[in-house]
Every structure is written in structure tokens, then in C-alpha cells.
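**Q** Dumping the structure here so I can ask a few things about it.
The values are calculated or read from the model by the stated rules, or taken from the named source; none is laboratory data. Note that the coordinates shown come from a computational prediction; the quantities given were computed from them, not determined experimentally. As a convention, Cβ positions derive from the backbone with ideal geometry for all residues, glycine included, and neighbour counts pool all protein chains shown. Accessible surface areas use protein heavy atoms only, side chains included; no ligands, DNA or RNA. Shrake-Rupley method; radii C 1.70, N 1.55, O 1.52, S 1.80 Å.
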Amino acid sequence: MSPSKVPAVEIDVRGRTVRVSSPDKVYFADRGITKLQVVEYYLAVGDGILGALRDRPTTLERWPRGWFEGARLSTRMDNKGDAFFQKRVPQGAPDYVGSTTITFPSGRTADEVTPTELAVVAWAANLGTLTFHPWPVTSADVEAPDQLRIDLDPQPGTDFDDAARVAPHVREVLAEHGLTGYPKTSGGRGIHVFVPIEPRWTFTQCRRATIAVGRELERRLPGQVTTKWWKEERGEAIFVDYNQMARDRTIASAYSVRPNRRATVSAPLRWDEVPDVHPDDFDVTTMPARFAEVGDLLAPLVAGAADRGSLDGLLELAAKDERDHGLGDLPYPPEYPKMPGEPKRVQPSKDRDRPQAAPAD
């Protein structure tokens with residue numbers, strides 16, 4: 001990929017000048033979408049993306065060369081990918097880029113980018129940030145989430161339409177416990193439902209509440225929904241990824257661009273739209289017009305918004321599950337320290353202590 005010969009441009013972002021280098025660099029070859037167009041996309045949905053990120057510690061998913069066929073995201077085990085997660089404020093960041101100190105499960109800390117104005121989003125996009133991953137907390141209290149996030153993740157053999165059929169049941173369960181959910185596409189195959197809550201509970205309690213939602217969905221939709229952590233046990237079902245509410249696990253924000261061929265975006269939805277849409281309906285080129293028409297459908301989730309709900313009902317449901325059915329905690333991700341009350345964190349097929357089925361005659 002040859003370097004750009006087009007000089008940098010300076011754009012005004014609500015009174016702040018942001019420099020965009022190599023503005024003609026192609027970020028999505030199949031669509032011919034350039035870096036400058038990605039920056040302009042974020043400005044077009046400015047109030048929406050800023051509402052999703054404002055005052056929240058945010059991990060940047062950076063694709064400095066853009067997305068292309070075969071591109072890989074670096075992982076803990078392989079850091080030689082084409083993209084990476086930036087969990088600390090980059091060196092040389094302008095002085096308007098604020099930060100918040102967060103603590104990882106390991107006990108280590110980091111100063112994460114915390115957007116307070118739209119210029120921060122444009123600056124990050126110039127660095128190759130396609131997707132923003134905000135924590136469900138604000139800088140005012142990094143220990144108490146103000147959002148519950150329910151991730152409906154299709155497993156092999158299922159797809160977006162299956163997640164869309166489960167989503168209204170999530171809405172019902174939440175409503176029965178005094179909560180209001182707001183759906184959005186993940187930008188991929190799944191659906192996210194975000195819930196504004198009072199910042200009174202710990203990450204552990206929020207995760208427990210999410211497990212309770214998942215187990216209630218399993219009861220109502222047997223065979224269609226699972227909370228099984230191990231992939232070998234999930235089957236063809238929608239996985240309620242309860243560990244997305246664990247500390248330092250984040251979900252792509254609303255309006256974030258996703259690294260795929262179509263340059264789709266995570267799109268907020270009205271509930272009556274959920275059965276009829278497809279993730280490909282919302283991309284960098286189509287979302288600005290939709291945003292201009294419908295505005296920010298997730299405005300009730302913005303930090304400081306009123307009408308935040310209580311987790312008391314879901315935590316009572318979790319306690320009932322444990323008391324009446326012996327359903328306690330579920331496994332954490334592998335990089336987490338062993339947590340109090342957590343069951344054995346061993347893949348079932350490798351668990352020597354698990355009772356084995358009797359051999360067939």
C-alpha cells in the first residue's frame with residue numbers, strides 16, 4: 001500500500017481544529033471509503049456518537065491501514081495483527097483528549113481516553129479508530145455501571161434473524177422487573193440491548209443480573225437461548241454473553257463503524273423495527289441520513305440522563321434462581337483471576353472430575 005500523496009487537511013469540529021493526515025487513504029476498499037469519509041461520518045452522527053461516549057473510559061479499536069480482506073485483529077496470544085486495541089491514551093495526544101484511570105481485573109491500571117467533545121472522536125478516527133468500546137461507567141464513578149448491557153450473540157447455525165426473535169423477550173423480562181431496554185444492531189450478526197440503571201451496583205452485581213436475564217430467557221425459549229460459557233455446550237442457539245458485564249469487557253458503542261466489507265455501523269433501533277431490519281441496512285454511507293431523520297434513539301442512555309432503573313428486581317430473580325434451583329455463578333473469561341463463588345473454570349470435555357456417560361453396549 002503506497003503512502004498517500006494528498007496533503008493533510010484541517011477540519012473544524014465545533015470550534016476545534018482537527019488535522020486529518022492522508023485523507024485519501026482507503027479504509028474500505030470494496031466500498032471505496034476513505035479515512036476522511038470515516039471522519040466525516042462521525043461528524044454527521046456527532047450528537048449520537050458523543051452521547052454514547054461522553055465521560056466514559058473508552059478503548060479504541062484501531063485499524064491504521066483500514067479494513068481489508070484477510071486483515072486480523074491482534075490478540076493477547078498473537079500481537080502481529082493488522083489492528084489492535086488501544087487501552088491507554090496514546091503519546092502525543094492533544095490536550096483536549098481527557099482520560100480516566102481504570103483498574104483491570106489483574107489490578108493493573110490504565111489511563112483510558114475519555115471523550116468530552118466531538119473533536120476527540122475525530123482525532124481518534126484520524127488514528128485509524130473504527131470502533132469505540134466505552135465502559136458502562138462514567139468518569140464520575142468507575143466502579144458503578146450506569147448501563148446494563150445484554151449481548152445476544154448468534155452461534156453457528158443461527159443468525160441475526162434468530163437474535164431478532166429473542167430480543168422482544170428480553171424487553172419483556174426487563175419490563176417485568178421495572179427496566180427499559182433500548183436495542184441496537186451490533187453491526188455484525190448480533191443485537192445489543194442497553195438498559196439505563198442507577199449507578200448503585202458493582203460490576204459483579206450487574207453481571208449477576210445479566211445472568212438472571214439469560215436464565216429466564218432459557219426457561220421461556222428452551223433450545224433457542226443459552227447461557228453456556230463453553231462453546232461445545234451451546235448448540236444452535238442465541239448466547240446471552242453475560243461476561244460482557246464483567247469488568248474491562250466492553251461492547252462496541254452505538255454508531256461505531258465495524259471492520260467488515262460493507263463498513264456497517266452499530267445502529268440504534270426502535271423496537272418495532274427489530275423484526276424487519278438487517279445489519280447491512282446501516283453503514284457509513286446510509287447512517288447519516290437516518291440519523292438526520294430519527295435523531296439519537298439512545299438519548300435516554302446518555303450519562304446523566306434521567307429515568308434510570310433499579311436492579312433490585314433482577315437481583316431478586318438471581319437470588320431465587322440460586323435458592324430454588326441451585327443456579328449460582330457462571331465462569332468468567334480465562335484471563336480473569338478466580339472469582340468468589342465461581343464454578344470450576346474447565347472446558348467440560350477436558351474436566352476429568354465431571355461424571356462421564358456410560359459406554360454404549
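**Q** If you check Asp241, Asp283, which single one turns out to be open to solvent by 10 Å² or more (accessible area, probe 1.4 Å), closer than 22 Å to Gly190 by Cα and either polar (S, T, N, Q) or at pLDDT 95 or above (or both)?
**A** The conditions single out Asp241.
**Q** If I go through the range 228-238 residue by residue, how many of them are open to solvent by 50 Å² or more (accessible area, probe 1.4 Å), within 23 Å of Val173 (Cα to Cα) and basic (Lys, Arg)?
**A** 1
**Q** Here is a further query. Just for the range 191-207: of the residues that are out of contact with any Ser or Thr (no Cβ under 8 Å at 6 or more places or on another chain) and within 14 Å of Tyr242 (Cβ to Cβ), which one is surrounded by the fewest Cβ atoms within 10 Å (Cβ to Cβ)?
**A** If we take residues in the range 191-207 being out of contact with any Ser or Thr (no Cβ under 8 Å at 6 or more places or on another chain) and within 14 Å of Tyr242 (Cβ to Cβ), then Thr204 is surrounded by the fewest Cβ atoms within 10 Å (Cβ to Cβ).
**Q** Name the one entry in Asp141, Asp146, Asp159 that is of a type in the set (Asp, Glu) and open to solvent by less than 50 Å² (accessible area, probe 1.4 Å). Can you show your working first?
**A** On the way: Asp141 fails: open to solvent by less than 50 Å² (accessible area, probe 1.4 Å); Asp159 fails: open to solvent by less than 50 Å² (accessible area, probe 1.4 Å).
One residue alone meets the criteria, Asp146.
**Q** Identify all residues within the range 27-46 that are out of contact with any helix residue (DSSP H, G or I) (no Cβ under 8 Å at 6 or more places or on another chain) and either without any contact (Cβ under 8 Å) to a residue 60 or more places away in the chain or open to solvent by 10 Å² or more (accessible area, probe 1.4 Å) (or both); write none if there are none.
**A** Selection gives Ala29, Asp30, Arg31, Gly32, Thr34, Leu36, Gln37, Glu40.
**Q** Here is a further query. Are any residues in the range 84-99 open to solvent by 40 Å² or more (accessible area, probe 1.4 Å) and within 24 Å of Arg258 (Cβ to Cβ), and if so, which ones?
**A** Filtering the range 84-99 for residues open to solvent by 40 Å² or more (accessible area, probe 1.4 Å) gives 84-85, 87-89, 91-92, 95, 99.
Matches in the range 84-99: Phe84, Phe85, Lys87, Arg88, Val89.
**Q** Cβ contacts < 7 Å: first residue closer than 14 Å to Asp272 by Cβ, restricted to the range 158-175; second residue assigned to a helix (DSSP H, G or I), any location; separation 6+ or different chain. Result?
**A** Arg171/Trp271
**Q** Condition test on Leu50, is it in a helix (DSSP H, G or I) and aliphatic (A, V, I, L, M)?
**A** In short, yes.
**Q** Another question about this same structure. Determine, yes or no, whether Thr59 is in a strand (DSSP E or B) and open to solvent by less than 10 Å² (accessible area, probe 1.4 Å).
**A** Considered against the rule, which asks whether it is in a strand (DSSP E or B) and open to solvent by less than 10 Å² (accessible area, probe 1.4 Å), Thr59 comes out as yes.
**Q** Does Phe160 satisfy the criteria of being within 19 Å of Ala299 (Cα to Cα) and at pLDDT 95 or above? Reasoning before the result, please.
**A** Working: within 19 Å of Ala299 (Cα to Cα): no; at pLDDT 95 or above: yes.
So Phe160 does not fit the description; no.
**Q** Right, here's the next one. State all residues of the range 62-83 that are open to solvent by 70 Å² or more (accessible area, probe 1.4 Å) and free of Cβ contacts under 8 Å to residues at least 40 places away in the same chain; if no residue qualifies, say none.
**A** We begin by selecting, within the range 62-83, every residue open to solvent by 70 Å² or more (accessible area, probe 1.4 Å); these are 65, 69, 72, 75-77, 79-80.
Once the filter is applied, which keeps residues that are open to solvent by 70 Å² or more (accessible area, probe 1.4 Å) and free of Cβ contacts under 8 Å to residues at least 40 places away in the same chain, the range 62-83 yields Arg72, Thr75, Met77, Asn79, Lys80.
**Q** While we're looking at this one, here's another question. Would you point out the residue of the range 211-225, among those that are assigned to a loop (DSSP other than H, G, I, E, B) and in contact with a helix residue (DSSP H, G or I) (Cβ under 8 Å, 6 or more places away or on another chain), that is surrounded by the fewest Cβ atoms within 10 Å (Cβ to Cβ)?
**A** Among residues in the range 211-225 that are assigned to a loop (DSSP other than H, G, I, E, B) and in contact with a helix residue (DSSP H, G or I) (Cβ under 8 Å, 6 or more places away or on another chain), the one surrounded by the fewest Cβ atoms within 10 Å (Cβ to Cβ) is Leu221.
**Q** Answer yes or no: is there a residue in the range 290-308 that is within 30 Å of Val39 (Cβ to Cβ), loosely packed, with under 15 Cβ neighbours inside 10 Å and of a type outside the set (Gly, Ala, Ser).
**A** Checking the range 290-308: at least one residue is within 30 Å of Val39 (Cβ to Cβ), loosely packed, with under 15 Cβ neighbours inside 10 Å and of a type outside the set (Gly, Ala, Ser).
**Q** For Asp153, all conditions in the list (1) in a strand (DSSP E or B); (2) touching a Lys or Arg at 6+ places or on another chain (Cβ under 9 Å); (3) surrounded by fewer than 21 Cβ atoms within 10 Å (Cβ to Cβ); (4) free of Cβ contacts under 8 Å to residues at least 60 places away in the same chain hold save one; what is the number of the exception?
**A** For Asp153, the failing item is (4).
**Q** Inspect all residues belonging to the range 100-119 and state whether any of them is open to solvent by 70 Å² or more (accessible area, probe 1.4 Å), part of a strand (DSSP E or B), free of Cβ contacts under 8 Å to residues at least 40 places away in the same chain and closer than 26 Å to Thr17 by Cα.
**A** Looking for residues that are open to solvent by 70 Å² or more (accessible area, probe 1.4 Å), part of a strand (DSSP E or B), free of Cβ contacts under 8 Å to residues at least 40 places away in the same chain and closer than 26 Å to Thr17 by Cα, one finds at least one in the range 100-119, hence yes.
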